[in-house]
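What follows is a short report on a single structure.
The values are calculated or read from the model by the stated rules, or taken from the named source; none is laboratory data. What you see is a predicted model, and the numbers here were worked out from it, not measured in a lab. Because the Cβ atoms are built from the backbone with ideal geometry, glycine has one as well, and the counts that use them run over all protein chains shown. Calculation scope for accessible area: heavy atoms of the full protein, side chains included, ligands and nucleic acids excluded. Shrake-Rupley method; radii C 1.70, N 1.55, O 1.52, S 1.80 Å.
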Amino acid sequence: MTRFIIRRLISIPLLLLGIVSIAFLISHNTQGDPLASIVSERQMDNPEVVAAAKARWGLDKSLPEQYVLYLRNLITGDLGTSFRTKQGVGKDILERLPATLELVIAAMILGVGSGIVLGVLAARFRNKPIDHAARLWALTGSSTPVFWSGLILLYIFSVVLGWLPGPGRLDPRSVPPEFMTGFLTIDTLLAGDFAAFGDALHHLILPALVLGWTVMGIVSRLVRGSMLDVLSQDYIVAARARGAGELRVLLNHALRNALVPTLTIIGFTFAYLITGAVLTETIFSWPGIGSYAVEAARNLDYPAIIGVTIVGGTAFLLSNLATDIAYAFADPRIRLS
Amino acid sequence: MSTAPLIEVIDLTIQLNTAVGMLEAVRGVNFSVADGKTLGVVGESGCGKSITMLAIMGLLPPDVVISGSIKLRGVELVGMSQRQLAGLRGKRMAMIFQDPMTSLNPVMTVCEQIIEAISIHDRQASQNAKRVRALDLLQLVAIPYPERRLKQYPHELSGGMRQRVMIAIAMANDPELLIADEPTTALDVTVQAQIIELLQRLQRERKMGLMLISHDLGVVAGIADEVAIMYAGRVCEKGPVETVFDRPHHPYTFGLLESLPKIDRTEDQLVAIPGSLPTLSMRPSGCRFHPRCNFAQAICAEADPALETVQDPLTPGVVAACHFAETALYTDQGAGS
């Protein structure tokens, strides 16, 4: 097991090199000129300014030269400087990634938790009203666009009812806590500011619900399917034959087996949301990595684009590894073979 | 202890709710098992053996309609709540299944599954006491290295070992009745004999009632006191095992015995009963066996014969459901075939 993990960890940098190279090639070969976001429109006709800008950002060098330069910097941990924010891409990402992680983790907890409960109920009461209601609820969740459900929920809970705050991570009038983890819910607690903690938590609820609803839709359908599959197995009848009650059969026997295939989709969804939560981030003015990625792409901000790609790629590779490890823990047949 | 038989099945009829309507899987089945006795139930696949056993255990899905009576020491089980039945299952009546490869939960260790069977019915037992009992049970079913086996998962055990574990689980609470549904069908021949021996030993030591479902006539002849032959959802002949096998009265029983390959016979071909078991929805009128019966007459297609005592001084205690039970096979009473 340990050897397996080490081997996988070693392969991650190699895979990342591939991801970086592809991202580098694609972004540098797109139609469009990054200078448009560096040099103002009026200065574009001024060859001296353009040449100076090209030299400043290394765009005057040939593509292989730029590639080698980028990789050399990358090894030292330097992700380059963003054309747009004019600060280090690494710094940009560190500022924004925790916001996304906080949102995605909260959404995953809500979505996976409720998805499992709903999936188990739907399987247990197959073709009964609960099953149909769960199906409708899950389909609504996974097919409603976030920009719509987000706005509607904001309108209901923030504008009409006033129960929850509007967009953003904190009340704009409050002073953010000192940056430690970047998770506002944790940083406020570390600072001992419980009022700010409550505020951060309140701001987190709606976006996490909106994002979690989609996750719940996927997870509940998958759990239902694999529960139904497991419930028809011989060992379920055997468990009943030894006197196991309904709850024990469902949770100890069926769910434990049904979760194994679900782990894959949980890991995948988590990684996907790291860069894929952009709509939620936009609706809720959440300064996360997704919106940063969109801005980078719009401005053909090469360093930022590649930087975000590295983040997304790493998220996928790590969550894949975590899924495989979780698999081994969940299923002894995988652990030992 | 009351005088009521351990298990008594009276006029049991089981109807399945299918897409083509209600289908009768089993009709008018009667038998009983006394303490310390073994009933062998024999019949082709699909004749209703297994479903009858599941009905006794209360393990059929709720949409299956059961009528008639199943009494465990005089207590009616038909119509009993699932909660009450679960209290009896694994405690007073236990069951082992055909395929030990799929009857154990793959993600639980042997120890967990044995201890589960103990703790469902004995909530007071300490963890340590349960472990000791689990170890005793593995020793009881003659599993070598029981300490090591306890920690293992089902996939690490051979088929024979798994069936022993299933038997250990079934024996966990010292049941009065053990139902073994083709316990050796999925096993190697050498292992089959060991498992049958084990069942026989346990039954003698514990004075259990044993119901052995099998289509292996040799096994049934060796272990059972009584035998019930089932065909197409009905019992067609029942009686003391030697008597029935020595001098069958139902043409189906005769056919089954004839189809056994015999070492002293020199025919090139095996003798088979012509035709095949009718499906649930296409059961013939009258005697269900008549289309395949060499002795069928006009009345056989019209009237379904009742299960009645055979008037033959050589076979006391035998009942058969055949219009010509006395005459079909033995024209000269008492002379043999």
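Normalising the Debye intensity of segment B:130-172 to I(0), with uniform scatterers on Cα atoms only, and taking log10 at q = 0.13, 0.19, 0.35 Å⁻¹ returns -0.21, -0.46, -1.48. For chain B, the alpha-carbon coordinates run over 67, 48, 42 Å along the three principal axes, in decreasing order.
Computed on the protein assembly as shown, the Cα convex hull volume stands at 246 Å³ per residue. Over segment B:95-172, the reciprocal of the mean inverse Cα-Cα separation, the Kirkwood hydrodynamic radius, stands at 12.2 Å. Which log10 I(q)/I(0) values does segment B:222-308 give at q = 0.20 Å⁻¹ under the Debye formula, counting every alpha carbon as one identical point scatterer? So the normalised log intensities work out to -1.03. Normalised by the number of residues in chain B, the average gap of Cα pairs under 8 Å and 6 or more apart makes the relative contact order 19 percent. If you run the Gaussian network model on chain B, springs between alpha carbon atoms under 10 Å, then out of B:Asp304, B:Asp216, B:Asp188 the most flexible one is B:Asp188. Sorted largest first, the spans of the alpha carbon positions of segment A:186-268 along the three principal axes are 55, 25, 17 Å. Summed over both chains, the accessible area lost when B and A associate is about 2000 Å², using a 1.4 Å probe. Scalar couplings 3J(HN,Hα) for segment A:186-196, obtained by applying the Karplus form with A = 6.51, B = -1.76, C = 1.60 to θ = phi - 60°, are 8, 4, 5, 5, 4, 7, x, 9, 6, 4, 5 Hz; x denotes Gly and Pro.
A 1.4 Å probe run over segment B:82-226, with the rest of the protein chains in place, finds 40 Å² accessible per residue. Per the Debye calculation on chain A with a single equal scatterer at every Cα and no solvent contribution, log₁₀ I(q)/I(0) for q = 0.12 Å⁻¹ amounts to -1.00. For segment A:104-119, 3J(HN,Hα) computed residue by residue from phi via the Karplus equation (6.51, -1.76, 1.60; θ = phi - 60°) reads 5, 5, 4, 5, 5, 4, 5, x, 5, x, 5, x, 5, 4, 5, x Hz, glycine and proline entered as x. Cα-Cα over 23 Å: which of B:Lys151/B:Lys207; B:Lys130/B:Lys151; B:Lys37/B:Lys238; B:Lys71/B:Lys238? Listed pairs above 23 Å: B:Lys151/B:Lys207.
When its C-alpha radius of gyration is set against 2.2 N^0.38 Å (N residues), segment A:10-98 gives a value of 1.22. Site-free segments of chain A were taken between chymotrypsin sites (Phe, Trp or Tyr not before Pro) in DSSP loops having at most 12 other Cβ atoms within 10 Å, sites themselves excluded; the longest one is A:1-162.
For chain A, the number of Lys pairs separated by eight or more positions or lying on different chains, with C-alpha atoms closer than 26 Å, is 4. The mean sequence distance of close C-alpha pairs (under 8 Å, at least 6 residues apart), as a share of the length of segment B:230-320, puts its relative contact order at 34 percent. Computed over protein heavy atoms with a 1.4 Å probe, the carbon and sulfur contribution to the accessible area of chain B reaches 53%. Couplings 3J(HN,Hα) for segment B:322-330, derived from phi with the Karplus relation 6.51 cos²θ - 1.76 cosθ + 1.60 (θ = phi - 60°), are 8, 5, 10, 3, 7, 10, 4, 9, 10 Hz, where x marks Gly and Pro.
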